[in-house]
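A.B. asks: Could you have a look at this structure, given as structure tokens, before my questions?
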Amino acid sequence: MSDYSNLIQAILEGDDVRCVELTNEALDEGASPQDIVISGLQAGMLIVGDRFSAGDFFIPDMLLAARAVTRAMEAIRPHLSDSEMPTLGRVVIGTVSGDIHDIGKNLVAMFLRGAGFEVFDLGTNVPGDRFVTAVKEHDPDIVGMSALVTTTMSNMQHVIAALDSAALLSQVKVIVGGAPVTQRFADQIKADGYAPDGGAAINLCRKLLGK
Ligand code: B1M
């Protein structure tokens, strides 16, 4: 395994130009594209996520880091077929029915993508049957729901019930988040996990999938 400390440092600094440069250098030196993704890019985003959750990084830091990783992934993509691209897992995400807030959900989706998850974003105001269809279509490991309004939070429970009725609940882990959502609420509706922010969502998804 190569030393990716400079690449990780470039991610932490949100330096996309340096990140692409170091990725190309590693490829030229014969590092495997998978190793660069797992030990360099995903490892870097994990640290970024932790710093965000700890309050040491802010949204602009996350955006710059995610952009740097996305640009590096673009440099790596021609060296790998889609099936060879390392992924930490598949996530279907959406803002629940009745709710049109999507800034936080979009950030979480972006953080997860940056960390190495394949994300299918269903958008906002997503009813239970749309989640069910998406699970059938994309076969995700995780279903993520966001809600920003106290009156729409309860729709998370309806989505869980819809997944259960369709006999899909045992195939996925369900995570929830959004400003009014708490761990207590997640426990009440029997979600598998709650994350207060995008950095925590990365760690939660990794933990739920044993990564
Ligand atoms: Co609305 N809104 N809004 N709004 N809005 C709130 C949420 C509100 C708290 C404002 C207030 O009254 N103080 C309030 C809800 C009150 C309540 O529930 N008791 C409210 C209301 C009432 C409404 C309307 C009903 C207003 C009206 O029309 N009368 C209406 C709702 C319409 C609807 O949804 N049906 C409405 C509309 C809007 C706008 C369209 C104007 C706009 C949304 C634009 C958009 O999203 N594209 C808007 C905005 C911007 C807000 C505030 C100001 C900001 C929300 C935001 O984007 N925060 C908000 C007040 C506030 O929070 N200060 C408010 C930034 C974002 C990065 O944080 O979304 O919390 P957040 O996401 C975080 C975490 O929560 C977490 O990670 C994210 C990143 O760290 N997270 C997850 C989020 N989803 C996650 C999922 C996960 C894990 C973590 O796993 C899957």
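The values are calculated or read from the model by the stated rules, or taken from the named source; none is laboratory data. These numbers come from a predicted model, not from an experiment. Here the Cβ is made from the backbone with ideal geometry for all residues, glycine too, and neighbour counts use every protein chain on show.
A.B. asks: For the structure I just gave you, tell me whether residue 95 is at negative phi and either in a strand (DSSP E or B) or surrounded by fewer than 16 Cβ atoms within 10 Å (Cβ to Cβ) (or both).
C.D. replies: Here the answer is yes, as residue 95 does meet what is asked.
A.B. asks: Mind counting the residues in segment 143-178 that are more than 13 Å from the ligand (Cβ to nearest atom), touching a residue at least 12 places away in the same chain (Cβ under 8 Å) and not in a helix (DSSP H, G or I)?
C.D. replies: 2
A.B. asks: Go over the candidates 191, 167, 179 one by one and state the one that is at positive phi and either among the aromatic types (Phe, Trp, Tyr) or at pLDDT 95 or above (or both).
C.D. replies: The conditions single out 167.
The rows are residues; the columns are (1) within 16 Å of the ligand (Cβ to nearest atom); (2) small (Gly, Ala, Ser).
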site	(1), (2)
12	no, no
28	no, no
38	no, no
72	no, yes
95	yes, no
106	yes, no
114	yes, yes
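A.B. asks: State all residues of segment 68-92 that are part of a loop (DSSP other than H, G, I, E, B) and at pLDDT 90 or above; if no residue qualifies, say none. Lay out the reasoning, then the answer.
C.D. replies: Going residue by residue through segment 68-92, those that are part of a loop (DSSP other than H, G, I, E, B) are 80-81, 85-88.
88, the sole residue that qualifies.
A.B. asks: Search segment 179-211 for residues being assigned to a helix (DSSP H, G or I) and over 18 Å from the mean Cα position of the chain (by Cα), and hand back the single one that is farthest from residue 54 (Cα to Cα).
C.D. replies: 188
A.B. asks: Please pick out the residue among 120, 131 that is modelled with pLDDT of 95 or more and under 11 Å from the mean Cα position of the chain (by Cα).
C.D. replies: 120
A.B. asks: Could you check segment 174-188 and list, in sequence order, the residues that are buried (at least 21 other Cβ atoms within 10 Å of the Cβ) and more than 13 Å from residue 94 (Cβ to Cβ)? Can you show your working first?
C.D. replies: In the first step, residues of segment 174-188 are kept if they are buried (at least 21 other Cβ atoms within 10 Å of the Cβ); the result is 174-178, 181.
Answer for segment 174-188, where residues must be buried (at least 21 other Cβ atoms within 10 Å of the Cβ) and more than 13 Å from residue 94 (Cβ to Cβ): just 181.
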